[in-house]
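These notes are about the structure you will find just below.
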Amino acid sequence: AQKVTQAQTEISVVEKEDVTLDCVYETRDTTYYLFWYKQPPSGELVFLIRRNSFDEQNEISGRYSWNFQKSTSSFNFTITASQVVDSAVYFCALSEGSGYSTLTFGKGTMLLVSP
Amino acid sequence: DAGVIQSPRHEVTEMGQEVTLRCKPISGHNSLFWYRQTMMRGLELLIYFNNNVPIDDSGMPEDRFSAKMPNASFSTLKIQPSEPRDSAVYFCASSFRASGDEKLFFGSGTQLSVL
């Protein structure tokens with residue numbers, strides 16, 4: 001069975017600080033996909049990134065970066081120079097690659113960025 | 001392009017009443033998912049459809065919950081009779097196909113309060 005653990009329930013930082021959100025996953029499949037979604041105060045979930053299990057290259061998108069390490073089953077998310085608008089709940093999710101597959105979400109990390 | 005549309009945004013009802021939540025997926029998407037979000041359990045998949053056919057309803061809590069997808073552009077989630085423990089945010093999501101690498105597009109959710 002697949003499982004996603006986000007050990008940090010809540011993180012508070014001051015604007016311009018860097019912050020890393022941790023995600024650890026469990027799966028028995030060799031083919032799987034990892035995702036991050038953002039849930040701002042307005043409530044909807046917004047897709048941020050998707051990685052497959054065969055691509056361990058780190059990815060950077062503006063102030064966002066993701067570090068995928070199969071050796072530690074982790075897919076961590078770093079926000080550089082955080083801004084108030086980054087305040088949201090961030091979810092890490094996993095789906096296995098065979099046939100019909102659905103997302104299993106972690107419990108989420110609430111990030112609060114204060115001015 | 002319109003995203004996933006859910007209605008109502010908020011629903012307050014009394015215990016024992018029937019509740020119907022509605023969802024219009026993104027046009028062209030053939031997979032639809034219903035999730036429930038609570039503080040205690042996070043985001044849980046209730047049921048998902050592929051080409052209007054229910055594929056997996058193992059997440060539906062009990063017989064009081066039912067979901068239908070009569071056509072590609074409409075789905076309902078019904079709770080009858082509702083109970084206070086059903087209070088949660090219910091999300092509908094759609095994707096182009098139901099495979100593991102597909103990202104989901106979420107609606108804004110329905111905040112359900114059962115008194």
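Given the structure, is A:F77 at pLDDT 95 or above, assigned to a strand (DSSP E or B) and away from chain B (no Cβ under 14 Å)? The answer is yes for A:F77. Do the conditions hold for B:S31, that is, is it more than 15 Å from B:Q111 (Cα to Cα), hydroxyl-bearing (S, T, Y), more than 11 Å from chain A (Cβ to nearest Cβ) and surrounded by 14 or more Cβ atoms within 10 Å (Cβ to Cβ)? No.
Beta carbons closer than 9 Å, at least 6 apart along the sequence or on distinct chains, pair a first residue in the stretch A:1-25 that is touching a residue at least 60 places away in the same chain (Cβ under 8 Å) and under 18 Å from A:N52 (Cα atoms) with a second that is in a loop (DSSP other than H, G, I, E, B) and among the β-branched types (V, I, T) for A:Q2/A:T27; A:K3/A:T27. Candidates A:Y33, A:Y37, A:Y100: the one that is modelled with pLDDT of 95 or more and closer than 20 Å to B:F106 by Cβ is A:Y37.
Residue-wise test of (1) polar (S, T, N, Q); (2) over 20 Å from A:Q83 (Cβ atoms).
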position: A:Q6; (1), (2): yes, yes
position: A:E10; (1), (2): no, no
position: A:E15; (1), (2): no, no
position: A:L21; (1), (2): no, no
position: A:V24; (1), (2): no, yes
position: A:T31; (1), (2): yes, yes
position: A:F35; (1), (2): no, yes
position: A:V46; (1), (2): no, no
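Give, as residue ranges, the strands (runs of 3 or more DSSP E) completely inside the stretch B:55-115 that count at least 1 residues that are without any contact (Cβ under 8 Å) to a residue 60 or more places away in the chain and exposed (fewer than 14 other Cβ atoms within 10 Å of the Cβ). It comes to B:65-71.
The set of residues from the stretch A:1-50 being of a type in the set (S, T, N, Q) and either in a loop (DSSP other than H, G, I, E, B) or touching a helix residue (DSSP H, G or I) at 6+ places or on another chain (Cβ under 9 Å) (or both) comprises A:Q2, A:Q6, A:Q8, A:T9, A:T27, A:T30, A:T31, A:S42. Answer yes if at least one residue in the stretch A:52-71 is within 14 Å of chain B (Cβ to nearest Cβ), assigned to a strand (DSSP E or B) and without any contact (Cβ under 8 Å) to a residue 60 or more places away in the chain, and no otherwise. Checking the stretch A:52-71: at least one residue is within 14 Å of chain B (Cβ to nearest Cβ), assigned to a strand (DSSP E or B) and without any contact (Cβ under 8 Å) to a residue 60 or more places away in the chain.
Taken as a whole, the structure leaves A:F77 outside the set of residues that are in contact (Cβ under 8 Å) with a residue 60 or more places away in the chain, in contact with a strand residue (DSSP E or B) (Cβ under 6 Å, 6 or more places away or on another chain) and of a type in the set (F, W, Y). The set of residues in the stretch A:36-51 being surrounded by 13 or more Cβ atoms within 10 Å (Cβ to Cβ) and more than 7 Å from chain B (Cβ to nearest Cβ) consists of A:W36, A:Y37, A:K38, A:Q39, A:P40, A:V46, A:L48, A:I49, A:R51. Test B:I79 against the stated conditions and say whether it is of a type in the set (V, I, T), touching a strand residue (DSSP E or B) at 6+ places or on another chain (Cβ under 8 Å) and more than 10 Å from chain A (Cβ to nearest Cβ). For B:I79, the condition - of a type in the set (V, I, T), touching a strand residue (DSSP E or B) at 6+ places or on another chain (Cβ under 8 Å) and more than 10 Å from chain A (Cβ to nearest Cβ) - is met.
The values are calculated or read from the model by the stated rules, or taken from the named source; none is laboratory data. Just so we're clear, the structure is a prediction, and the values are computed from it rather than from any experiment. All Cβ positions, even for glycine, are placed from backbone atoms using ideal geometry, and neighbour counts span all protein chains on display.
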